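Report on one structure; see the data block that follows.
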Amino acid sequence: MPVVVASDLDRTLIYSAAALALTMPDARAPRLLCVEVHEARPLSFMTETAAQLLTDLGDAAVFVPTTTRTRKQYQRINLPGPPPAYAICANGGHLLVDGATDQDWHASVLARLDAECAPLAEVQDHLTRTADPLWLRKQRIAEDLFAYLVVERELLPEEWVKELGVWAENRGWTVSLQGRKIYAVPKPLTKSAAVREVVRRTGAELTLAAGDSLLDADLLLAADRGWRPGHGELADAAWTAPEITALPERGVLAGERILREFLKGSRLG
Ligand SMILES: [Mg+2]
């Protein structure tokens, strides 16, 4: 029986330079592999050891990259190991099968959003009217499914984020603050729903998961076992659940530890 390993990518398996959180002396830092180039610059990294673990995991389990990134943002990541048969993008809005969008899955997601939450246009309009140019750097729509803002974190009033959270909640939307990005995502748009579809298609009997942000909570709860790093929104909230292990590692070393746990869990499964 195959094991499904569904993992968030950013700040779970791959890390920008700003998120590495290396604390050892430079001379003892792990060697890093660049797995994403953006506009001709290195953007995301994992340790070389993590890269080898991910390659091994590709043989031991059905590894499913599970990200809030758009398909375009996902496709510029160059992960080590065999190309994944399944990948989840846009927080569950797109299920890629051998690299191509599954149109039936996407249609079923659109139908759910139509029926269960306020339309994107209303949220976008609210963001445009209330976000202050003082700290707002960019306002973006992702895949016509959800919205995100790029902000100057030091200038962003905590109160504004809190108020947005309440406003969104009343309309069936969730707000997640990750680094310099604020996401507004429809509640029915979940990673877990897409992972359940992969589990159904593969007939897997064991699902392992990892993630660091609020948008990963449902993914972790849907898995048989899960891990979260010592940094991020979930760690800040001291979020936990019975089958979830809160790791002490922070930054890129947490990514390595998570892959080690995935590999161990897959072999036991
Ligand atoms: Mg993340």
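The values are calculated or read from the model by the stated rules, or taken from the named source; none is laboratory data. Predicted, not measured: the structure shown is a model, and the values here were computed from it. Methodologically, a virtual Cβ is constructed for each residue, glycine included, from the backbone with ideal geometry; neighbour enumeration extends over all protein chains shown. The accessibility values were calculated without ligands, DNA or RNA, using every heavy atom of the protein model including side chains. Shrake-Rupley method; radii C 1.70, N 1.55, O 1.52, S 1.80 Å.
Going down the table (K138/K181; K138/K191; K72/K162), which pairs top 19 Å between alpha carbons?
Violating the 19 Å Cα-Cα cut-off are K138/K191; K72/K162.
Go through region 24-41 residue by residue and turn each phi into a ³J(HN,Hα) via Karplus (6.51, -1.76, 1.60, θ = phi - 60°); whole Hz please, and just put x for glycine and proline.
Using θ = phi - 60°, the values come out as 7, x, 3, 5, 10, 5, x, 6, 10, 10, 7, 10, 8, 10, 10, 6, 6, 10 Hz.
Translational diffusion coefficient, Stokes-Einstein: compute it for the chain using the Kirkwood radius over C-alpha pairs as Rh, at 37 °C and 0.692 mPa s, and state it as an integer in µm² s⁻¹.
173
How large is the convex hull of the Cα atoms of region 118-186 per residue, expressed in Å³ as a whole number?
Output value, Cα hull per residue: 72 Å³.
Based on alpha-carbon centroids, what's the gap between region 93-169 and region 1-33 in Å, whole number please?
What the calculation gives is 26 Å, centre to centre.
Using θ = phi - 60° and the Karplus curve 6.51 cos²θ - 1.76 cosθ + 1.60, what whole-Hz ³J(HN,Hα) does each residue of region 170-182 get, with Gly and Pro shown as x?
Coupling constants for region 170-182: 5, 10, x, 10, 10, 10, 9, 9, 10, x, 8, 10, 10 Hz.
Apply the Karplus parameterisation 6.51 cos²θ - 1.76 cosθ + 1.60, with θ equal to phi minus 60°, to every residue of region 250-255 and state each ³J(HN,Hα) to the nearest whole Hz, in sequence, with x for glycine and proline.
10, x, 4, 6, 5, x
What accessible area per residue, rounded to a whole number of Å², is obtained for the chain using a probe radius of 1.4 Å?
Each residue of the chain exposes 47 Å² on average to a 1.4 Å probe.
Which listed residue (S176, L95, P157) has the Cα farthest towards the positive end of the charge dipole for the chain, taking +1 on Lys and Arg C-beta and -1 on Asp and Glu C-beta about the Cα centre?
Toward the positive end, the furthest listed residue is L95.
Give me the percent of accessible area attributable to carbon and sulfur for the chain, probe 1.4 angstrom.
Ligands and nucleic acids excluded, carbon and sulfur reach 50 percent.
Please give the peptides 4-13, 34-43 ranked by average Cβ packing (other Cβ atoms within 10 Å per residue), highest first, as a rough proxy for protection.
4-13, 34-43
How high is the relative contact order of the chain? Use alpha-carbon pairs under 8 Å, at least six apart in sequence, and give a whole percent.
With pairs under 8 Å counted, the relative contact order is 25 percent.
At 222 nm, what helix-only mean residue ellipticity would the chain give, in deg cm²/dmol to the nearest 500, using -39500 (n - 2.57) for each DSSP H run of four or more?
Using -39500 (n - 2.57) per qualifying helix, the result is -10500 deg cm²/dmol.
If you put +1 on each Lys and Arg Cβ and -1 on each Asp and Glu Cβ, how big is the dipole of the chain around its Cα centre, in Debye rounded to 20?
So the dipole magnitude of the chain works out to roughly 420 debye.
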